[in-house]
Amino acid sequence: MKKTAMLSAAAFIGINLVFPAAAAQNIRAKADVVCEPTKENLTYDCKIKLVDARTNAPLTGVTLTVGADMPSMPGVHNLRSVIAQAQGDPGNYRAILELEMTGVWALRLDITGATRDRVVKVLRFGDD
């Protein structure tokens, strides 16, 4: 069983190395993320714009969950995922993040529904 999984993983990696276009076809979504501090310490109001990676059309009919982890301390500082709320124009979402500390965070944007994908955005929160 382990041998089969390793061979399958190696074959998948090999395909992506030999045929990078095939790997690029798996990208379904692009995201722009802007997070602003709120009056609450370490709480940020994040506005997210989701579009189809191929057509730039707004992504609708999806559920967006946002989680975060500090790349410098994996598994130590991580944020439980929150569901982003659709806002106004199609493809616009909003999530309130309550972080544990300032610094560089990797936001995981998990998209499910009509489109399924994960987008990771690395942002610095706090003083520059």
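So here's what we get for this one:
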quantity	calculated
Residues within the stretch 71-113 that are in contact with a strand residue (DSSP E or B) (Cβ under 6 Å, 6 or more places away or on another chain), over 14 Å from Asp45 (Cα atoms) and not hydroxyl-bearing (Ser, Thr, Tyr), tallied	13
Scope the stretch 35-69; condition among the aliphatic types (A, V, I, L, M) and in contact with a Leu (Cβ under 9 Å, 6 or more places away or on another chain); matching residues	Leu42, Ile48, Leu50, Val51, Leu59, Val62, Leu64, Val66, Ala68
Test: residue in the stretch 3-26 that is modelled with pLDDT of 50 or more and among the hydrophobic types (A, V, I, L, M, F, W, C)	no
Total residues in the stretch 69-81, condition outside any loop (DSSP other than H, G, I, E, B) and buried (at least 16 other Cβ atoms within 10 Å of the Cβ)	3
Filter pass, Ala84 being aliphatic (A, V, I, L, M), on the phi < 0 side of the Ramachandran plot and surrounded by 17 or more Cβ atoms within 10 Å (Cβ to Cβ)	yes
Members of the stretch 87-111 that are part of a strand (DSSP E or B), exposed (fewer than 15 other Cβ atoms within 10 Å of the Cβ) and among the aliphatic types (A, V, I, L, M)	Val104
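The values are calculated or read from the model by the stated rules, or taken from the named source; none is laboratory data. The structure presented is a predicted model; accordingly, all values stated were derived computationally and were not measured. Cβ coordinates were reconstructed from backbone atoms using ideal geometry, including for glycine residues, and neighbour counts include every protein chain displayed.
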